[in-house]
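Inspection log for the structure reproduced underneath, given as structure tokens.
The values are calculated or read from the model by the stated rules, or taken from the named source; none is laboratory data. What you are looking at is a predicted structure, and each value in this text was computed from that prediction instead of being measured. Quick reminder, even Gly has a Cβ in these numbers, built from the backbone with ideal geometry, and neighbours come from all protein chains shown.
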Amino acid sequence: MIPAFGYVRPSTLAEATAALAAPGARAHAGGTDLLGCLRDGVFTADKVVSLSGIPELRGLRKNLDGGVIIGAMTTLAEVAREPAILAGYAALADGALSAASPQLRNQGTLGGNLCQRPRCWYYRGDFHCARKGGDKCYAAEGENQFHCIFGGDVCFYVHPSDTAPVLTAFDAALRITGKQGSRSVPVAQFFVAPAVDYTRETVLAPGEVVTEVVLPPQPAGTRSTYRKLRARGSWDFALSGAAVVTTLDGGRVRRARIVLSGVAPVPWRVPAAERALVGQPITAATARAAAVAAVQGAEPLAENGYKIELVRGAVEEALLRLA
Amino acid sequence: MKTPELYYVDGALPETAVPEGTPRPWGRTTVIGRPLPRIDGYERLSGAAVYPSDVVLPEMLYGAIVRCPHAHARVRSVDSAAAARLPGVRAVITGATPAADLRWYYTPTVFTKLFDPECRFAGEAVAAVAAETPQQAWDAARAVAVEYDVLPFVVDEHKALEPGAAAVQAGGNRVGEPVRYARGDVAAGFAAADKVLEATYSTAAEIHTPMELHGCVASWDGPRLTIWESTQGVYPVQQRVAAALGMPLANVRVIGRYMGGGFGSKLQADKYDLAAAVLAKLAARPVKLFITREESFVCVGNRPPMTMRLKAGVKKDGTLTALEMTVLGTGGAYPAGGTSLGDWLVRDLYLCPNVRTEMTDVFINGGPARAFRAPGHPQGAWALEQMMDALAAAIGMDPVELRLKNIPKVSQARGGQPYTSTGLDRCLTEGAAAFGWSQARRRARSDGPVKRGVGMAAGLWVAGGGGPPSTIVLKLFADGSANLNMGASDLGTGTKTVMAMVVSEELGVPLDRIEIENADTGTTQYATASGGSKTVPTESPAVRDAALAVKRQLLAVASDELKTPAEALRIEGDEVVSSADPAVRRKIARLEGLQRRGVIVGVGTRGPNPEGKVVNPFAAQFCEVEVDTRTGAVRVVRFLSANDSGRVMDHLTYESQVIGGITMGIGLGLTEQRVFDRQTGTMVNANWHDYKIPTAMDVPADIVAVPIDTPDDEANTAGAKGLGEPVTIPTAAAIANAVYDATGVRVLDSPISPMRLAPLLAAARQGGAR
């Protein structure tokens, strides 16, 4: 059922990147989605390179600048209960804890969560859609209730990650390593919008893997939260969500980051909503104003206009949690 | 009045003998009614139980089915040469295989071929393969090259009746003449009403998705075929398979001792049985053919979606004056009861002299429906029970009081035949009291964005009384242990446990000394499929009859040895005791007569139900929800189910049924819906992630069962009525009513997802509603 593939489990990053440089190689992190994709023919693999035997990819450490570095192979469950995350980056714990189900969080990794493939039911189903090399997006004229209201172009999927919008809001960066060496990419520039290239979701070059997530220190007075709305209580991707990071100074917002999930093919930052807050205290009125600003420019499809209400609700509720 | 067609009856039923005499009702019981755990709980939880999907036979092959990917297509050619050459492949069958040239009947007159050239839904079977491993079989199925002429399709039941719609069947898209029902004068009823309300409600199609997949293992031994099947009824499977293969019933043995859920989708045989049997014959090896989870969403049934226009009239004092309902539904591409029983609650739940209903069943290019836990009833309750709520609000009456004003003592839709018992009024009053209904209704409303509300709904189930046939054979061994032999399946509801309790009640045999042999056409007696909430009321009286037959013989044996008339003896624990002189007693295992005979065999049968009366269970459910008005998120806080199902046989299995029924009803009310792609007519959410059954996070921990524990001694000798379906009938409607109570917004279409509710709430805010 699954076409035959080779499997290696190297113990060093160098060996892993060397193996991943081969054409047709695929990285295996938590493995919660890889076999399903292979079985469903979403993509193929000649060789699966497991990253699970590389100790330095797992765990969390303090950075010299006061921030935190998380190994990409750290599980979502570990991220969600890590004291340093709960204390300094609460929204990331929220995001990790709201993903998937307990079983999947015990196995799924932070890096894998960022690099997961679209969950669009056409992309995952027996539809030869544009992202798979076909000539159209079936969602555009089809069953698009779970699709995007921002940033769609040729393809209208929504990025499924709950941690990506949070990391974007924290101005986090990703350490990426390939055979040629390492580089650092801000999370905000890691994801590729379909208007740029609808055949890929990230800037990862063939053979590259995310090795670390680098969280910068946050200024004093910073608080954060992630509000996720979904169709059922667990094991469900966001219908829409809001990652909010605010820094208050004298009771007024000095700096705000609001990044939406579940509504765009990439984590969707809404600067208009951020601007609505800066210089203001967080009150019912300013939260509402930011919520209204957050949906400016939304272009719903036939079946997903409800997401406008949900975005407003998520932003408003997230902000009021921080008031 | 014609009795409604019951879905668990497939063809003629055998008659079984009427029991000799009728035993006295139990009155007080010592075993029955206690909260006892499943007698097979250890086997089920430890993995020791061998479900059909666990069966592994020597030399067994694995089968897979090639399915049509198009909503409507004609098979032009099937080329299986490449598939047949793949490693491990031992047999490939197509429409051109002589042994597979079989008929598959949807009704006594509507049939297709097993592999029919015309595929009327995505997921229809086109060919099948058998190979050494499941993976090889799936690969081979993919390698079968099928060329199709793709035909126009329609997957929307409303569009199916529009001019120019694709024709699903040659005769048009109407399954038949609309089903009409009328009593009284509806126009006069509306004229006499103080308030008349009208609304259109709809429920989405649901998929059963039982834990154990659908499938079988087929094995030939000369002319004899044995099938291990995950089924609710081994005899219906035997009948269908024998008829399709032209075999004597005696040569088809179907075994289904354990099974992992069915909810109505496993009441019958399936095409996979024929495919497995033919593959096994051609390969001369046993074949295991279980379909995949994805297949199970498209080809083994669904709950038909219904659109229900309902008009209702009520007087200020709460008297219902008229009900008028039109229903549009679809059972898919073949006749499959697309509107079946959708109007039953409107016809029969409440006193109403003037009722008219009309139901139109249409074909679409979708998988055929199958019975789904209370066919038609949760759909009908979604409409009627929301309407009752709206009527109560319109006349300023409590919803419970409005229902209490309209309690029928007879089945109005069955010519006024009385119910043997109706606890509907007690379900309403005792349920409301236990829930704290009036207090909850009076509680102060929150000014914040998160609103609390309470809702309730009631229901009855059209069947649930059970009836003949059933034959039970009970053996009491020399050591006092017993073997209970019954044909019925235990589909996870606790049937085996309850039947062992019946034996224990009559004979004093401890539960751990009762072994049960069940659901095997080769070794157990005829039983109808376990469905229709009828297994307990059907089988318990027959088991009791068998136990009494054993008891009579046992006491006769003891009478000789204890020199005491049998009438003066009774069983007390593991002893026979004289009622007159407690010193006269002997252990059953020490009775010489029993030792000599080795075994006492008792045969029991199910007697007829009372003439001219109707046996139905009744229910009322109450719930509290929390609605986030900014996001449309609904959280069910607590649920209570008050049920009149006659005598409570086992309090623990009873509570489990309540929890399961409410969980399933939460799915209908809040999360579940089949979604067809309008461009291709194929289902886009045919998996357990995109098709959203409730998780533990969606079901409240606070679920309370309030049994109206009154034996219905007129119904049968166990005093029990069915429970499995009534517990899910009012659930979704109760949630909808609670959402209305919380927000003032009425959600007419299921499910009440944030995507549906949030825009309605926003519109209500615009309109200035609360």
Looking at A:87, A:77, A:91, which one is away from chain B (no Cβ under 13 Å), among the hydrophobic types (A, V, I, L, M, F, W, C), free of Cβ contacts under 8 Å to residues at least 12 places away in the same chain and farther than 27 Å from residue A:41 by Cβ?
A:87
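Which residue, of B:343, B:273, B:361, is crowded, with 24+ Cβ neighbours inside 10 Å and free of Cβ contacts under 8 Å to residues at least 60 places away in the same chain?
On the way: B:343 fails: free of Cβ contacts under 8 Å to residues at least 60 places away in the same chain; B:361 fails: free of Cβ contacts under 8 Å to residues at least 60 places away in the same chain.
So the residue among B:343, B:273, B:361 that is crowded, with 24+ Cβ neighbours inside 10 Å and free of Cβ contacts under 8 Å to residues at least 60 places away in the same chain is B:273.
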Checking residue B:611 against (1) crowded, with 24+ Cβ neighbours inside 10 Å; (2) among the acidic types (Asp, Glu); (3) more than 30 Å from residue B:509 (Cα to Cα); (4) more than 14 Å from every other protein chain (Cβ to nearest Cβ), the condition it does not meet
(1)
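Identify all residues within region A:119-138 that are among the basic types (Lys, Arg), assigned to a helix (DSSP H, G or I) and within 13 Å of chain B (Cβ to nearest Cβ); write none if there are none.
Taking region A:119-138 and keeping what is among the basic types (Lys, Arg), we get A:119, A:124, A:131-132, A:136.
Next, from what is left, pick out any that are assigned to a helix (DSSP H, G or I): A:124, A:131-132.
Answer for region A:119-138, where residues must be among the basic types (Lys, Arg), assigned to a helix (DSSP H, G or I) and within 13 Å of chain B (Cβ to nearest Cβ): just A:124.
Restricting attention to strands (runs of 3 or more DSSP E) lying wholly within region B:76-138, give those where 2 or more residues are within 30 Å of residue B:176 (Cβ to Cβ) and not aromatic (Phe, Trp, Tyr).
Working: elements: B:89-94, B:103-105, B:111-113, B:125-131.
Because the criterion is at least 2 residues that are within 30 Å of residue B:176 (Cβ to Cβ) and not aromatic (Phe, Trp, Tyr), the strands (runs of 3 or more DSSP E) in region B:76-138 that meet it are B:111-113, B:125-131.
Test residue A:119 against the criterion of being under 17 Å from the mean Cα position of the chain (by Cα) and either modelled with pLDDT of 95 or more or at negative phi (or both), and give yes or no. Explain how you work it out, then say what you get.
Details: under 17 Å from the mean Cα position of the chain (by Cα): yes; either modelled with pLDDT of 95 or more or at negative phi (or both): yes.
Yes, satisfied.
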Condition (residue is surrounded by 24 or more Cβ atoms within 10 Å (Cβ to Cβ) and out of contact with any Leu (no Cβ under 7 Å at 6 or more places or on another chain)) applied to region B:246-254: is it met by at least one residue?
yes
Single unsatisfied condition, residue B:140 versus (1) touching a residue at least 24 places away in the same chain (Cβ under 8 Å); (2) away from every other protein chain (no Cβ under 14 Å); (3) in contact with a helix residue (DSSP H, G or I) (Cβ under 6 Å, 6 or more places away or on another chain)
(2)
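In region A:139-163, how many are outside any loop (DSSP other than H, G, I, E, B) and within 12 Å of chain B (Cβ to nearest Cβ)? Quick ask: steps written out before the conclusion?
At the first step, the residues of region A:139-163 found to be outside any loop (DSSP other than H, G, I, E, B) are A:139-141, A:153, A:155, A:163.
In the following step, the residues that additionally are within 12 Å of chain B (Cβ to nearest Cβ) were identified as A:139-141.
The number of residues fulfilling the criteria is 3.
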Residue B:696 meets each of (1) surrounded by 22 or more Cβ atoms within 10 Å (Cβ to Cβ); (2) farther than 18 Å from residue B:457 by Cα with one exception, condition (1)
Which of the strands (runs of 3 or more DSSP E) found entirely inside region B:280-374 contain at least 1 residues meeting this: in contact with a helix residue (DSSP H, G or I) (Cβ under 7 Å, 6 or more places away or on another chain) and among the polar types (S, T, N, Q)?
B:320-330, B:355-362
In region B:73-115, residues that are within 30 Å of residue B:168 (Cα to Cα) and either in contact (Cβ under 8 Å) with a residue 24 or more places away in the chain or under 34 Å from the mean Cα position of the chain (by Cα) (or both) total 30
Only one residue in B:743, B:728 is among the β-branched types (Val, Ile, Thr), more than 14 Å from chain A (Cβ to nearest Cβ) and surrounded by 21 or more Cβ atoms within 10 Å (Cβ to Cβ). Which one?
B:728
Take region B:10-57 and flag every residue that is on the phi > 0 side of the Ramachandran plot and buried (at least 17 other Cβ atoms within 10 Å of the Cβ).
B:33
Selected residue (only one of A:183, A:257 is touching a residue at least 60 places away in the same chain (Cβ under 8 Å) and either buried (at least 19 other Cβ atoms within 10 Å of the Cβ) or out of contact with any helix residue (DSSP H, G or I) (no Cβ under 9 Å at 6 or more places or on another chain) (or both)):
A:257
Filter region B:37-60 down to the residues that are among the aliphatic types (A, V, I, L, M) and in contact with a helix residue (DSSP H, G or I) (Cβ under 6 Å, 6 or more places away or on another chain), then identify the one that is farthest from residue B:506 (Cα to Cα).
B:49
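Go through B:640, B:652 for me and flag whichever is more than 12 Å from chain A (Cβ to nearest Cβ), farther than 26 Å from residue A:310 by Cβ and over 20 Å from the mean Cα position of the chain (by Cα).
After ruling out the rest, the residue left standing is B:640.
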Kindly list the number of the only condition in (1) more than 28 Å from residue A:12 (Cβ to Cβ); (2) assigned to a loop (DSSP other than H, G, I, E, B) that fails for residue A:168.
(2)
For region B:682-692, which positions are under 22 Å from the mean Cα position of the chain (by Cα), surrounded by 18 or more Cβ atoms within 10 Å (Cβ to Cβ) and either among the polar types (S, T, N, Q) or more than 7 Å from chain A (Cβ to nearest Cβ) (or both)?
B:686, B:687, B:691
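Only one residue in A:107, A:103, A:116 is away from chain B (no Cβ under 11 Å) and without any contact (Cβ under 8 Å) to a residue 24 or more places away in the chain, so which one is that?
A:103
Rundown of residues vs (1) surrounded by 24 or more Cβ atoms within 10 Å (Cβ to Cβ); (2) in contact with a Cys (Cβ under 6 Å, 6 or more places away or on another chain); (3) in contact (Cβ under 8 Å) with a residue 24 or more places away in the chain, yes/no style:
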position: A:171; (1), (2), (3): no, no, yes
position: A:174; (1), (2), (3): yes, no, yes
position: A:190; (1), (2), (3): no, no, yes
position: A:236; (1), (2), (3): no, no, no
position: A:242; (1), (2), (3): yes, no, yes
